[in-house]
Every structure is written in C-alpha cells, then in structure tokens.
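K.L.:
For reference, the structure I am asking about is given below.
The values are calculated or read from the model by the stated rules, or taken from the named source; none is laboratory data. Computed from a prediction, not measured in an experiment: that's the story for all the values here. For neighbour counting, all protein chains shown are included, and Cβ atoms are generated from backbone atoms with ideal geometry for every residue, glycine included.
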Amino acid sequence: MDNSGTVADHDGLSAIFDRISAIGAHSGQGVTRLAASAEDGAARAIFAEWMTRGGARMAEDAVGNQFACFDWAGENAPWVFAGSHLDTQPRGGRFDGTLGVLSAGCAALGLQAEKQAGGFKSARNLAVVNWTNEEGARYQPSLTGSAVFSGALPLGEALALRDGAGISLGDALAGIGIVGETGSVPPRPEAYVELHVEQGRTLTEAGCRVGTVEGTWAARKMTVRWIGRAAHTGPTPMADRCDALLAAALGIAAFEAVMAEHYPRLHRSAARLVVEPNSPNVVVERATVWFELRGLDISELDRAGKAVLTAFETAAVDTGTRLEVSADALRAPAGMDGGLVAIVDHTARLCGFEPLAMRSVAGHDAVALQNSGIPSALIFIPSVDGIAHHPDELTLAEDMQAGLTVLTAVLRHLAEGGYGNGQAR
Ligand SMILES: [Zn+2]
C-alpha cells in the first residue's frame, strides 16, 4: 500500500480540537458535554460546519448520529466509516471520543485535498461519524447511537430511554433540533475505524505510540435495588425500620469484600447510588446501586456475579428489605476484525511505528459495531498516566500526530478498496 502523499494536518487538528474542547468546559472542572444537552448541540453544530466547509455533505439519523459524507466513489460504492463520539462524562476529559471524531475529520479533509490534487483514487465513499450517547452518562445503556445504527437496539427503545430527571432521549434530541432523519444517511459500511485514547498505561509502559486493539474485556453490569419502608427518622422505633440505604451500604461493603478475596483480578466498581426519597427526615425506602465487573473470562464473571448476588440477598435479609435486580447484563469479550487489525498493524509499521497488540478494558463504538457484524478496528494512542474520565486526561501532541498519521494511512488504504476487494472477512 502507498503511504506517501499527504501529511495530515496536525495544526488543523489542534485548532478544531481547541474549539470543541471549549464547549462545556469549566475552569478546573474539565468538560461536561452530556449527550443531547445544549453543549452537545453546540459541539455538533461546530463539527457539522467544519466538515461542510471542507466539502462534506452532512446527514443525521433519527437517534442523532451525525455523518459527514464524502461521496467520492458514487452512489453504489461501498462505504468506509471513521469516527467516535463528542459527548463526555460529567467533568470529563477533552480527549475521550472527541479526538477520534476530529482526527477522522482531519484525515478525511487531508484525503479530500489529496484526491482533488490527483494523488489518490477512491473506490469507496467515506463518512466521518459522531455517535450519539457513547458515554452512557446521561442515558443507559451506553453506546446508544452505534447500537441503533447497527441494529442491536431498536430506535423506539433508544428514544424512550430516560435520564435521571425523567427526560426522554427523544425529547432531549428534539431540544437540540434533532427530530428524525435528515439528509441521506449512508448504509452499513464495509469497515469502521476508530482512533481512541487508551485510558490506561499499557502503551506508555511498553514504550509504544500506537496500539492495535485485538479485542476487549468482558463486562457484567448490574443494577440492584433494595426496597425498604419510608418512615420518620425520629419517632419510628429502631426495631420497626427497614432501611434501604443501610442495605445498600452493607451490599457495597460485601461486594468489595467478596471480590477482593475471591476475584482480585476482576476490575470492580459501585459508582452510582440513587436514594429515594432522599430527605434527611425519611428512612430510605429505595436505594439503587450500579455495580460493574470487568474481566477477560466470562465464566469467572458468571461465578463472581452469582457470589455478589448472594451477598446482596444477605444484606436484604439482615435489614428487612427486599432485593430487586433491575438489570444484569453481560457484555461478552469482543474480538475486533482480524483482517482490519492486520491492516492497521501493517500500516502503522509502514508509517514508522512499532504497534502494540493489546486489549481494551473499556467498551467503544467500534466494539458495538463489530459485535453487530460490521468489521471494525480500534487504534489506541497513549493517555498520560492512564488518566481518563477526569479533567486531567491528556494525550501529548506527538502522540496525537502519530494517531492521525496512522488513521489517515489506514483510511487511504481502505478508501482505495484495500479491504473489500477479495480480502478475507
Ligand atoms: Zn470514548
């Protein structure tokens, strides 16, 4: 494959990255750009304006996924997608997702210029994609937009999801002007490529600039609720109380103890707690906790899940509350597309990098698409100190450049038809 030609424009990437990073930024508190919020709407508008100015045709599907389309090869030609997400966690970092969308945009603009100069002939159309609600901070489940596009989640179900304030995703999208499909949305692509920051330290510790993700860890996500009885915190005799918050506290402590003793290799968290009615003068009636386990081995996650559910039941019995498991979903470990992984690996070497084959602990849109049968690749670049979902999240300029260089070369190869023409699926 030919990787000479355009050096994708890193200055251009920095400029648009700074513009988008300012949306939802608060001094010392990172970036808050929740899916379908006003801030998300503002970032989407800048992305669309930037891509349109660069010659793209914008389209948007009914769940708000944005497609900046470069119709290079005609109506009947297959598509290649590249992208990530512009939404963030509350007080999140600047790089997670945003870097992937904007790098893909820069790569596309570089290839467009190269194509116009006659330096490259495309046999594929290219779309730069911003997937809706990847983070799952405002709406659960995460990876909403990519799951709807790939058919894993029905559109109606996605639009009916409610945030913590009871606002549906459909209403929130309408609030930022997204009501149904606009423009001609491209079909399922032949290949999808996503550049993302690692959110860990593996690349730095290995002394590598570029990672080719071979697959992901599995995850088990459980939403558990203890139901007690509301009562006055003053006069109600202690023996009569059924305190759901006490049950949740015991449950969380038992979860920690069981996992630390028997499953120390699994990553674990209890990271969200909702208490109702949440008044200082009412014994808590309902306490809901979101638990997560991540590991490589599904059978280990299965055993660990059973063990913690038993501990949760004990916490219920000990407090006179009732346990309700409102969600218990297992996300299988995914293997990324072997043919695409090989292309990324080979291309990175041609670009002068020694890529590290690695696994992703976190889920990404590329994983959701791959799981739904769209051949997908995920390219990692280093995160300083592995910090993620925090205002201090940082990826160095030279690593951003490395990612952009490899992504551009991979997209050029795919746009030339380097994957679809007889390559093994
Ligand atoms: Zn992300």
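K.L.:
Only one of these conditions is not met by S27: (1) farther than 19 Å from N125 by Cβ; (2) in contact with a strand residue (DSSP E or B) (Cβ under 8 Å, 6 or more places away or on another chain); (3) of a type outside the set (A, V, I, L, M, F, W, C); (4) in a loop (DSSP other than H, G, I, E, B). Which number is it?
P.N.:
Failed condition: (2).
K.L.:
Which residues, counting only those in the range 290-308, are in a strand (DSSP E or B) and either crowded, with 18+ Cβ neighbours inside 10 Å or not assigned by TED's automatic domain parsing to the domain that holds H262 (or both)?
P.N.:
F291, L293, R294, G295
K.L.:
Collect the residues in the range 385-417 that are at positive phi and either over 21 Å from the mean Cα position of the chain (by Cα) or in a helix (DSSP H, G or I) (or both), keeping them in residue-number order.
P.N.:
D385, G386, G417
K.L.:
Please state which one of L350, L330, L356, L323 is in contact with a Gly (Cβ under 6 Å, 6 or more places away or on another chain) and touching a residue at least 60 places away in the same chain (Cβ under 8 Å).
P.N.:
L356
K.L.:
Within the bounds of the range 156-178, is there any residue that is of a type outside the set (D, E) and in contact with a Cys (Cβ under 9 Å, 6 or more places away or on another chain)?
P.N.:
There is no residue in the range 156-178 that is of a type outside the set (D, E) and in contact with a Cys (Cβ under 9 Å, 6 or more places away or on another chain).
K.L.:
Can you tell me which condition E205 does not meet? The list is (1) among the acidic types (D, E); (2) in contact (Cβ under 8 Å) with a residue 60 or more places away in the chain; (3) surrounded by fewer than 18 Cβ atoms within 10 Å (Cβ to Cβ); (4) closer than 30 Å to L396 by Cβ, and all the others hold.
P.N.:
Going through (1) among the acidic types (D, E); (2) in contact (Cβ under 8 Å) with a residue 60 or more places away in the chain; (3) surrounded by fewer than 18 Cβ atoms within 10 Å (Cβ to Cβ); (4) closer than 30 Å to L396 by Cβ one by one, E205 breaks only (2).
K.L.:
Criterion first (buried (at least 18 other Cβ atoms within 10 Å of the Cβ) and on the phi < 0 side of the Ramachandran plot) does G54 satisfy it?
P.N.:
In short, yes.
K.L.:
Please determine, by comparing only the residues of the range 164-197 that are away from the ligand (no atom under 16 Å from the Cβ) and part of a strand (DSSP E or B), which one is surrounded by the most Cβ atoms within 10 Å (Cβ to Cβ).
P.N.:
Only one residue tops the list, namely A191.
The rows are residues; the columns are (1) assigned to a helix (DSSP H, G or I); (2) on the phi > 0 side of the Ramachandran plot; (3) modelled with pLDDT of 95 or more; (4) surrounded by 13 or more Cβ atoms within 10 Å (Cβ to Cβ).
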position: A253; (1), (2), (3), (4): yes, no, yes, yes
position: P264; (1), (2), (3), (4): no, no, yes, no
position: R268; (1), (2), (3), (4): no, no, yes, yes
position: V275; (1), (2), (3), (4): no, no, yes, yes
position: S279; (1), (2), (3), (4): no, no, yes, no
position: T288; (1), (2), (3), (4): no, no, yes, yes
position: T310; (1), (2), (3), (4): yes, no, yes, no
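K.L.:
Kindly list the number of the only condition in (1) in contact (Cβ under 8 Å) with a residue 12 or more places away in the chain; (2) assigned to a loop (DSSP other than H, G, I, E, B); (3) more than 16 Å from G145 (Cα to Cα) that fails for P235.
P.N.:
(1)
K.L.:
Let me ask something additional. I'd like to check something: does the range 96-111 contain any residue that is part of a loop (DSSP other than H, G, I, E, B) and within 13 Å of the ligand (Cβ to nearest atom)?
P.N.:
Yes, there is a match, as at least one residue in the range 96-111 is part of a loop (DSSP other than H, G, I, E, B) and within 13 Å of the ligand (Cβ to nearest atom).
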